[in-house]
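Read through the structure below, which is laid out as structure tokens, and then see the notes.
What follows draws every value from the coordinates through simple rules; no lab data is involved. Since this is a predicted model, take the numbers as computed values, not measurements. Cβ placement follows ideal geometry from the backbone for every residue including glycine, while neighbour counts extend to all protein chains displayed.
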Amino acid sequence: MAKLASLPVRPTQVGPYVIEDLLGRGTHAVVYRGVHEALARPSAVKVLAPAIAADADFVQRFHHEAHLAARLVHQNIVTVFDTGVTDGLHWLGMELVDGTVVEDLVRAHGKFDVGSSLRIVRDVAKALHHGASRGILHRDVKASNVLLCRVTGESKLADFGLATEVQPRGTRNDDGSEIGIGLGTPKYVSPESALGRPDVDVRSDIYSLGILLFELLTGVVPLRGNNKGETVLRHLRENVPLPGTLVPSLLPDIDAVVAHMTARPPKYRYPDAVALVADLELLISGQPPRRALAIAKEMARRKSARMQAPGRRRATDR
Ligand SMILES: Nc1ncnc2c1ncn2[C@@H]1O[C@H](COP(=O)(O)OP(=O)(O)OP(=O)(O)O)[C@@H](O)[C@H]1O
Ligand SMILES: [Mg+2]
């Protein structure tokens, strides 16, 4: 497991916030429960770890991305309030979510039931749509960035645009270039993001969300390697397995949605989060996911055409 961030001493005040308790720690930052003193508003305060704060590029991106994320106001997105630097501590104030991180729930209880899995992923897809419609990608969709609200049962996506850099050094593509310099977390990284392609779009977030859906339905993340580099390579080279292969009780309709979300070439994925939400709503209401099934049928048709004309396939594949 990655080393978690820490601060030498727990701060008592960070910018406008009075710090109360520790909420959690990530690899780059420590998150506290605090109160905005002037507004008396309970908040979550993220403080960058000193080792990370020494990286000027990271710090610049942290503040820049916080400004972008602060534009997003949506019920399925953790709202960013403000950001700043006080006594050398780089901080970000955000909405305090009364709930649990989905990653902790999977760790404690294993897989979710199908209905809950679909509702969580539907909520995150709505959040992605809101961001994408304002030109902001998430770039780090994963179980530890989704919070399930205790009272409403809704999910909220945290850390919009606050992507972390992946650098499994020494792992190279066939052409010798280094892989994994894109943004995201290896377990959830889309192939195009792993390659560091500059033109990634919301379909990359949809891929990561497909990995999360697989994880919720089965209790495990697919395509794990022995280290970060190996995991990234598997996302580049292998298809995501169908969750039904691990949990046979899952309907083929669900497999079709996961397959469509996680197709390796982005052009075979849902084109946007709206199309994904539509299929998820259908599944939630017990109906077949129209788009995923149509794509699955088309793929099967192409595969059978290729099987019937192997000679032609070699010629056209070049
Ligand atoms: N807005 C929030 N409200 C309540 N708790 C939060 C909030 N944001 C973060 N947390 C808690 O803080 C923990 C650490 O969050 P953080 O974003 O720093 O790390 P992470 O997403 O787990 O991983 P990474 O290492 O990639 O940053 C979360 O797991 C969660 O328990
Ligand atoms: Mg996070």
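Can you sort MET299, MET94, MET307, MET261 from fewest to most other Cβ atoms within 10 Å of each residue's own Cβ? Don't skip to the end; give the middle numbers.
Details: MET299 15, MET94 22, MET307 9, MET261 26.
Going from sparsest to densest Cβ surroundings: MET307, MET299, MET94, MET261.
Test of understanding: ordering ILE206, ILE284 by Cβ neighbours within 10 Å, fewest first, what list do you get? If you can, show how the numbers build up before the last one.
Working: ILE206 27, ILE284 15.
Ordered from fewest to most neighbouring Cβ atoms within 10 Å, ILE206, ILE284 come out as ILE284, ILE206.
How far apart, in nm, are the 7 Å Cα→Cβ label points at ALA294 and GLN75?
Once both label points are built, they end up 2.8 nm from each other.
For Cα pairs less than 8 Å apart in space and 6+ apart in sequence, what is the mean separation divided by the residue count of the chain, i.e. the relative contact order in percent? Write down the numbers at each step before the final one.
Numbers: 588 pairs, mean separation 38.3, N = 318.
For the chain, the relative contact order is 12 percent.
Would you kindly state how much longer the chain becomes between LEU68 and ARG25 on full extension, computed as 0.36 nm times their sequence separation minus their alpha carbon distance, in nm to one decimal? Before the final figure, lay out each step's value.
Values: separation 43, 0.36 × 43 = 15.48 nm, distance 2.29 nm.
Residue separation times 0.36 nm, minus the Cα-Cα distance, leaves 13.2 nm.
For a test of the definition: using alpha carbon positions, the gyration tensor, and the 1.5 limit on a/c, classify the stretch 69-150 as rounded, prolate or oblate. Walk me through the numbers on the way to the answer.
Working: a/c = 2.43, a/b = 1.44, b/c = 1.68.
Oblate, since a/c reaches 1.5 and b/c is not below a/b.
At 0.36 nm per residue, minus the direct Cα-Cα distance, what do ARG107 and ASP55 gain on full extension? Give it in nm, one decimal, please. Could the numbers behind the result be given before it?
Values: separation 52, 0.36 × 52 = 18.72 nm, distance 3.15 nm.
Gain on extension, ARG107 to ASP55, equals 15.6 nm.
Residue-wise, which Karplus ³J(HN,Hα) couplings in Hz belong to the stretch 248-263, taking 6.51 cos²θ - 1.76 cosθ + 1.60, θ = phi - 60°, and x for glycine or proline?
Those phi angles translate into x, 6, 6, 6, x, 4, 6, 4, 5, 5, 4, 4, 5, 5, 10, 3 Hz.
Using only Cα atoms and rounding to the nearest 10 degrees, what angle (0 to 90) does helix 56-69 make with the longest principal axis of the chain?
That works out to roughly 80 degrees.
Only Cα pairs within less than 10 Å get springs; with that Gaussian network setup on the chain, which residue of ALA66, ALA296, ALA125 has the largest fluctuation?
Fluctuation is largest for ALA296.
What's the whole-number percent of alpha carbon pairs in the stretch 179-274 lying beyond 19 angstrom? Provide the component values of the computation, followed by the final result.
Numbers: 1581 of 4560 pairs.
For the stretch 179-274, the fraction of Cα-Cα distances above 19 Å is 35 percent.
Taking θ = phi - 60°, what integer Hz values does the Karplus form 6.51 cos²θ - 1.76 cosθ + 1.60 yield along the stretch 95-108, in sequence order, with x for Gly and Pro?
Karplus values, whole Hz, x for Gly and Pro: 4, 8, 9, 8, x, 10, 5, 4, 4, 5, 5, 5, 4, 7.
Given springs between every Cα pair under 10 Å in a Gaussian network model of the chain, which of VAL101, VAL257, VAL73 has the largest fluctuation?
Taking springs between Cα atoms under 10 Å, the residue moving most is VAL73.
What is the ratio of the Cα radius of gyration of the chain to 2.2 N^0.38 Å, where N is its residue count, to two decimals? Could you put the intermediate results ahead of the total?
On the way: Rg = 20.5 Å, N = 318, 2.2 N^0.38 = 19.6 Å.
Working it through for the chain, the quotient is 1.04.
Any idea which of LEU223, PHE58, PRO248 is furthest toward the positive side of the dipole for the chain, if Lys and Arg beta-carbons carry +1 and Asp and Glu beta-carbons -1?
Looking along the dipole axis, the top candidate is PRO248.
With springs connecting C-alpha atoms under 10 Å apart, model the chain as a Gaussian network and identify which of VAL151, VAL274, VAL232 has the largest mean-square fluctuation.
Taking springs between Cα atoms under 10 Å, the residue moving most is VAL151.
What residues qualify as long-range amide H neighbours of THR86, i.e. H under 5 Å apart, gap of 5 or more or another chain, H built at 1.01 Å from N?
TRP91
What are the ³J(HN,Hα) values, in whole Hz, obtained from phi via the Karplus relation 6.51 cos²θ - 1.76 cosθ + 1.60 with θ = phi - 60°, for each residue of the stretch 9-20 in sequence order, with x given for Gly and Pro?
My calculation for the stretch 9-20 gives 9, 6, x, 9, 9, 10, x, x, 9, 8, 8, 10 Hz in order.
For helix 290-308, report the angle its Cα long axis makes with the longest principal axis of the Cα atoms of the chain; keep it between 0 and 90° and round to the nearest 10°.
40 degrees
Quick one: putting +1 on the C-beta of Lys and Arg, -1 on the C-beta of Asp and Glu, what dipole do you get for the stretch 99-296 around its Cα centre, in Debye to the nearest 20?
Details: 24 positive and 23 negative charges, 13 e Å.
Roughly 60 debye, rounded to the nearest 20.
Helix 114-133 against the longest principal axis of the chain: what's the angle in degrees, Cα atoms only, rounded to the nearest 10?
70 degrees
Charges only on Cβ, +1 for Lys and Arg, -1 for Asp and Glu: so what's the dipole of the stretch 91-136 about the Cα centre, in debye to the nearest 20?
Working: 6 positive and 6 negative charges, 50 e Å.
With Lys and Arg at +1 and Asp and Glu at -1, about 240 debye.
Could you give the Stokes-Einstein D for the stretch 15-106 in µm² per second, using the C-alpha Kirkwood radius, 10 °C, 1.306 mPa s?
Working: Rh = 13.7 Å.
Reported coefficient: 116 µm²/s.
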